[in-house]
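This is the structure I want to talk about, given as structure tokens.
Here, each number is a calculation from the coordinates, and none is a lab measurement. Given the structure is predicted, the values throughout are model-derived calculations rather than measurements. With ideal geometry, Cβ positions are generated from the backbone for all residues, glycine too; neighbour counts draw on all protein chains shown.
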Amino acid sequence: MTVREATRRTEVRSGVVRWFDDSARDLPWRAPDRTPWGVLVSEIMLQQTPVVRVEPAWRAWLEQWPTPADLAQAPTADVLRAWGRLGYPRRALRLQECAKAIVERHDGVVPRTDAQLRALPGIGEYTAAAVLAFAYGKRSVVVDTNVRRVLARVVAGTALPAPSYTAAERALATALTPDGDAEAARWAAASMELGALVCTAKAPKCGACPVAGLCAWRSAGSPPDAHAGRRRTQAWAGTDRQARGRVMAELRRATEPVDRALLARLWHDPRQLDRAIAGLVEDGLAEQDDANRLHLPN
Ligand code: SF4
């Protein structure tokens, strides 16, 4: 790397962190009284659900189950009901499995090493790195979709990153992460926040960006996305996922097991409904009794 590029990267980091100091959202999982467990729960919820929907669910969740031990002991049906409409409810099951593993392996304390975190159910590279940085203030390379987009634009000069996370992106993110624990954790939070609030996917607010003058994509004239044809768009209407969502909503509402025949009114395509129900049972999100009635797992 040239001296000029190294200087530019240092300026990018300091510009983004300064902006973050003034502009960071006041989120409960960032509050001084947050717990490592609260951070871990927030990261699982935020994986596929926007902040605005996560915040009230997170508060209610931590009120009900303030520690891993509390969640580990909860009836699974209550856990799935509390997950409510956050979507992708397998995350709720995994979070409860994770809580049980924390109790069994770590005396109920969220572990503070990458290897121990990644050995927990549902915790991958990103979540382990985020917990290390945001719960324990340790240096880790935290790369979510927002960070990928910011780095693609500012440093690589492309509209969006490749459809899948690449080794080159990991190397770049590692190189940009400051050496000190506190500085690295701050950079992680700041670069994520910039992607979430300013350098957004569809309409980046370059006029309000603290590093607009350093942005490679902008200085190249904002060329279009080279991977546009390869990106998957996630359909929802008419999919098995939508059918599964309808069944789960019904089971969450029900106080008694629901006759399978009654679920037929929820969906127009009986074969697709059968497939959705079979998938829910297979995933452990629903159980079927001998009388052909469905209910949430106990
Ligand atoms: S100038 Fe625009 S594209 Fe570049 S980092 Fe800032 S918001 Fe993103």
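Kindly provide the chymotrypsin sites (Phe, Trp or Tyr not before Pro) of the range 110-208 that DSSP labels as loop, not H, G, I, E or B, and whose Cβ sees at most 16 other Cβ atoms within 10 Å.
Hits after loop and neighbour filter: 165.
Also, I was wondering about something else. Diagonalise the Cα gyration tensor of the range 34-136 and give the resulting equivalent ellipsoid semi-axes, square root of 5 times each eigenvalue, largest first, whole Å.
Value: 19, 16, 12 Å, ordered largest first.
What shape does the range 133-174 have by the C-alpha gyration tensor, where a ≥ b ≥ c are the square roots of the eigenvalues, rounded means a/c under 1.5, and otherwise prolate means a/b greater than b/c and oblate the rest?
Verdict is prolate for the range 133-174.
Obtain the nm distance between the two label points defined at residue 113 and residue 31 by a simple spin-label model: each point lies 7 Å from its Cα along the Cα-to-C-beta direction.
It is 3.3 nm.
Another one. Modelling each spin label as a point 7 Å along the Cα-to-Cβ direction, I'd like the residue 201/residue 183 distance in nm, to one decimal.
Simple spin-label model gives 3.3 nm for this pair.
If packing is taken as the average number of other Cβ atoms within 10 Å across a peptide's residues, how do 189-195, 270-276 rank, most packed first?
Going from most to least packed, we get 189-195, 270-276.
Among 145-153, 284-292, how do they line up by average Cβ neighbours within 10 Å per residue, starting with the highest?
Top to bottom by mean Cβ count within 10 Å: 145-153, 284-292.
Something else about it: Report the FRET efficiency, 1/(1 + (r/R0)^6), for residue 255 and residue 283, where r is their Cβ-Cβ distance and R0 is 30 Å, rounded to 0.05.
Efficiency at R0 = 30 Å is approximately 0.85.
Same structure, new question: So which trypsin sites (Lys or Arg not before Pro) in the range 177-216 are both in a DSSP loop and have at most 13 other Cβ atoms within 10 Å of their Cβ?
Answer in residue order: 202, 205.
Here is a further query. Once the convex hull of the alpha carbons of the range 145-298 is built, what does its volume come to per residue, in cubic angstrom?
Hull volume over Cα atoms, normalised by residue count, gives 191 Å³.
Calculate I(q)/I(0) for the range 240-295 by the Debye formula, one identical point scatterer on each C-alpha and no solvent, and give its log10 at q = 0.16, 0.29 Å⁻¹ to two decimals.
-0.39, -1.40
Further question on the same structure: How far, in degrees from 0 to 90, does helix 3-23 lean away from the longest principal axis of the Cα atoms of the chain, to the nearest 10?
50 degrees
Would you kindly derive the ³J(HN,Hα) couplings of the range 47-59 from the backbone phi angles with the Karplus curve 6.51 cos²θ - 1.76 cosθ + 1.60 (θ = phi - 60°), listing them in order in whole Hz, with x for Gly and Pro?
4, 10, 9, x, 3, 4, 8, 6, 4, x, 5, 5, 4
For the chain, take N as its residue count and report Rg(C-alpha) divided by 2.2 N^0.38 Å.
1.13
Additional query: Roughly how tilted is helix 181-197, in degrees to the nearest 10 and between 0 and 90, from the longest Cα axis of the chain?
Taking the Cα atoms of the chain, the angle to 181-197 is about 70 degrees.
Treating the angle as unsigned and between 0 and 90°, give the value, to the nearest 10°, between the Cα long axis of helix 90-106 and the longest Cα principal axis of the chain.
80 degrees
Mind checking the full-extension length gain between residue 233 and residue 64? Use 0.36 nm per residue of separation minus the Cα-Cα distance, one decimal, nm.
57.3 nm
Taking 10 °C and 1.306 mPa s as the conditions, I'd like the Stokes-Einstein D for the range 208-277 in µm²/s, using the Kirkwood hydrodynamic radius from alpha carbon pairs.
Once the numbers are plugged in, D ends up at 98 µm²/s.
Given a cut-off of under 8 Å on Cα pairs at least six residues apart, what relative contact order in percent is computed for the range 169-289?
The normalised contact order for the range 169-289 reaches 13 percent.
Sorted by mean Cβ packing within 10 Å, highest first, what order do the peptides 252-259, 208-215 take?
The densest-packed peptide leads the list: 208-215, 252-259.
Could I ask something else about it? Report the net charge of residues surrounding residue 135, where surrounding means a beta-carbon distance below 15 angstrom and charges are Lys +1, Arg +1, Asp -1, Glu -1.
Computed value for this residue: +3.
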